[in-house]
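Enquirer: Before I ask anything, here is the structure I am working with.
The values are calculated or read from the model by the stated rules, or taken from the named source; none is laboratory data. Just so you know, these numbers come straight off a predicted model, no measurement behind them. Every residue, glycine among them, receives a Cβ derived from its backbone with ideal geometry; neighbour counts consider all protein chains shown. Note: areas computed on protein heavy atoms with side chains; ligands, DNA, RNA excluded. Shrake-Rupley method; radii C 1.70, N 1.55, O 1.52, S 1.80 Å.
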Amino acid sequence: MTTSSRTASSIFANYAREIELHWKYKERQRKQFLFNSPQLQLRSHLVGWLKNISEKLKVSYRTIHLAVYILDTFMDNHSISKDRLGFVALVCLMLAAKFEELDSKIPKISELNKYDGYRYSSKDFISVEVMVLKFLDFGLTQPTIAHFAEYYTMVTIMPHDLKSVKFSFRRLADIACNMVAELLDICLKEVRFLQHPPSKVAAACILVTRKRLSLSPAWTPVLAEVTGYKEDSLNFCTNLLMCKIQQENVRRKQWVNSPDHGYISDAP
């Protein structure tokens, strides 16, 4: 590596670190989740439905995670009728996309409206959008698990890890990223993760990924330094993630063997 490339890498690392420190500051300002929503039992289904829509719209992981954060926060502080939950979720997705995506990737109201049966006007969307923004004090710069995980994946795989596997560095890094993405999906649906800072849950995703890849040590000094967490402080989140992985594997086997395999509804 040349002197100029080392300098560029150092500048990038310092810049990324500054962003992460700002995210840590912002996550300490998040509204506390109190599990107050009368529709909390519908959350898992609602989040799964919204995730399915986000995949069809091809928006990023950061967008869907921000959308779910907005939805969780709004639901926790408002009583929303069951028949309007899907509509509110779509508004949250629209808001998140406006913050995270390029203009060309932001879904139009007409595009979102079809997922709830074209029951609402553009004015309805804008009215609820303003209501949600006012509740959040127009603050959408909230880091999510996806934001932290994206940063932590830069140091998930290190050159010395190649001693434990037969893959190339690039191949191993790709496998790790796919595993982290799978865990991010699990984190979206599991409400118990809302009790913990997003950075902590993201760190647990990295730890679980390295454990699943049988990399040693599972938690490196670099990861401890970058995330600010010791391995034992992540025990609750890592154990919950491993439990959810096992449950998800069982569910997938049952789904593949069911007569409904291949059918996904667009209804909330």
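Enquirer: Based on Cβ point charges of +1 for Lys and Arg and -1 for Asp and Glu, what charge dipole magnitude is obtained for the chain about its Cα centre, in debye rounded to the nearest 20?
Expert: So the dipole magnitude of the chain works out to roughly 380 debye.
Enquirer: Still on this structure, I have one more. To make sure I understand the rule: partners must be aspartates and glutamates, Cα under 18 Å from the Cα of K114, and not fewer than 8 residues away in the same chain. Which ones qualify?
Expert: Excluding near neighbours in sequence, the set is E55, D83, D124, E129, D266.
Enquirer: Could you give the angle, 0 to 90 degrees to the nearest 10, between helix 122-135's Cα long axis and the longest principal axis of the Cα atoms of the chain?
Expert: For 122-135 against the chain, the angle is about 50 degrees.
Enquirer: Give me the orientation-averaged projected area of the Cα convex hull of the range 16-105, in nm², one decimal.
Expert: The directionally averaged projection comes out at 6.5 nm².
Enquirer: For the range 63-199, what class follows from the C-alpha gyration tensor (a ≥ b ≥ c being the square roots of its eigenvalues): rounded when a/c is under 1.5, otherwise prolate if a/b is larger than b/c, else oblate?
Expert: Prolate is the answer for the range 63-199, as a/c is 1.5 or above and a/b outweighs b/c.
Enquirer: Let me ask something else. Let me know the shape class of the range 126-268, please: from the alpha-carbon gyration tensor, a ≥ b ≥ c as square roots of the eigenvalues, rounded when a/c is under 1.5, otherwise prolate if a/b is greater than b/c, or oblate.
Expert: In terms of gyration-tensor shape, oblate.
Enquirer: Which is farthest toward the positive dipole end of the range 81-173 among Y152, P107, S127, measuring Cα position about the Cα centre, with Cβ charges +1 (Lys, Arg) and -1 (Asp, Glu)?
Expert: Toward the positive end, the furthest listed residue is Y152.
Enquirer: Give me the aspartates and glutamates in straight-line cross-link reach of K31: C-alpha distance below 14 Å, same-chain residues under 8 apart excluded.
Expert: Hits, sequence-local ones excluded: D72, D76, D137.
Enquirer: Still on this structure: State which stretch of the chain is the longest one without any exposed chymotrypsin sites (Phe, Trp or Tyr not before Pro), exposure meaning a DSSP loop state and at most 16 other Cβ atoms within 10 Å.
Expert: Result, exposed sites excluded: 168-262.
Enquirer: Mind checking which of S214, S104, S199 has the largest fluctuation in a GNM of the chain, springs on alpha carbons under 10 Å?
Expert: Per the Cα network of the chain with a 10 Å cutoff, S104 tops the list.
Enquirer: Here's a follow-up. In a GNM of the chain with a 10 Å cut-off on Cα contacts, which of A224, A89, A204 has the highest mean-square fluctuation?
Expert: Of A224, A89, A204, the Gaussian network model singles out A224 as fluctuating most.
Enquirer: Can I ask one more? Send over the per residue convex hull volume for the chain, Cα only, as a whole number of Å³.
Expert: 154
Enquirer: At 222 nm, what helix-only mean residue ellipticity would the chain give, in deg cm²/dmol to the nearest 500, using -39500 (n - 2.57) for each DSSP H run of four or more?
Expert: -20000 deg cm²/dmol
Enquirer: At 25 °C and a viscosity of 0.890 mPa s, what translational diffusion coefficient does Stokes-Einstein give for the range 1-154, taking Rh as the Kirkwood radius over Cα pairs? Give it in µm²/s as a whole number.
Expert: Taking Rh from Cα pairs, D becomes 145 µm²/s.
Enquirer: Something else now. Could you give the angle, 0 to 90 degrees to the nearest 10, between helix 169-189's Cα long axis and the longest principal axis of the Cα atoms of the chain?
Expert: 30
Enquirer: Tally Lys/Arg at +1 and Asp/Glu at -1 over every other residue whose Cβ is under 15 Å from the Cβ of L215; what's the total?
Expert: Neighbourhood net charge equals +3.
Enquirer: Still on this model: For the chain, with every protein chain kept in place, what is the accessible area per residue (1.4 Å probe, Å²)?
Expert: That works out to 53 Å² per residue.
Enquirer: Right, something else. Quick one: putting +1 on the C-beta of Lys and Arg, -1 on the C-beta of Asp and Glu, what dipole do you get for the range 133-183 around its Cα centre, in Debye to the nearest 20?
Expert: With Lys and Arg at +1 and Asp and Glu at -1, about 220 debye.
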